[in-house]
Amino acid sequence: MSQKAPTLCCPICQSPLPLGPDGKTLTDATKKLLPFCSARCQLVDLSNWLGERYTVPGESTDSPAPEQPEA
Ligand SMILES: [Zn+2]
């Protein structure tokens, strides 16, 4: 039986995840970042969905003036 290691690709940059010295298993550093290839791509994904979450569809025509209590 030949065991074929699944090729994992980063969902952000689509590049194959870096493998350890044996060429089959992911390094511990990579495992921590799964399924991303690098901390950078992890950040990109995070900001992607944070951006979606915080983006309010539509335009706000009037901006509510923040109340500033004056002493
Ligand atoms: Zn990547």
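Any read-out appearing in this document is the output of simple, stated calculations on the displayed coordinates, not a laboratory observation. Since we're looking at a predicted model, the values are computed, not measured. Cβ: placed from backbone, ideal geometry, glycine included. Neighbour counts: every protein chain shown.
Taking amide H atoms as placed 1.01 Å from N in the peptide plane, the amide H of Leu26 lies under 5 Å from those of Gly20, each 5 or more residues away in sequence or on another chain. Net length available on complete extension from Thr27 to Val44 is 4.0 nm, with 0.36 nm assigned per residue and the Cα-Cα distance removed. Cβ-Cβ distance of Ser15 and Arg53, R₀ of 30 Å, FRET efficiency by 1/(1 + (r/R0)^6): the value works out to about 0.70.
Backbone amide hydrogens, once placed in the peptide plane, bring Cys9 within less than 5 Å of Leu17, excluding anything fewer than 5 places away on its chain. Couplings 3J(HN,Hα) for region 43-53, derived from phi with the Karplus relation 6.51 cos²θ - 1.76 cosθ + 1.60 (θ = phi - 60°), are 5, 4, 5, 4, 5, 4, 7, 5, x, 5, 5 Hz, where x marks Gly and Pro. A P(r) calculated from all alpha carbon pairs of region 7-54, with 5 Å bins opening at zero, reads 5, 24, 26, 20, 12, 6, 4, 2, 0 percent.
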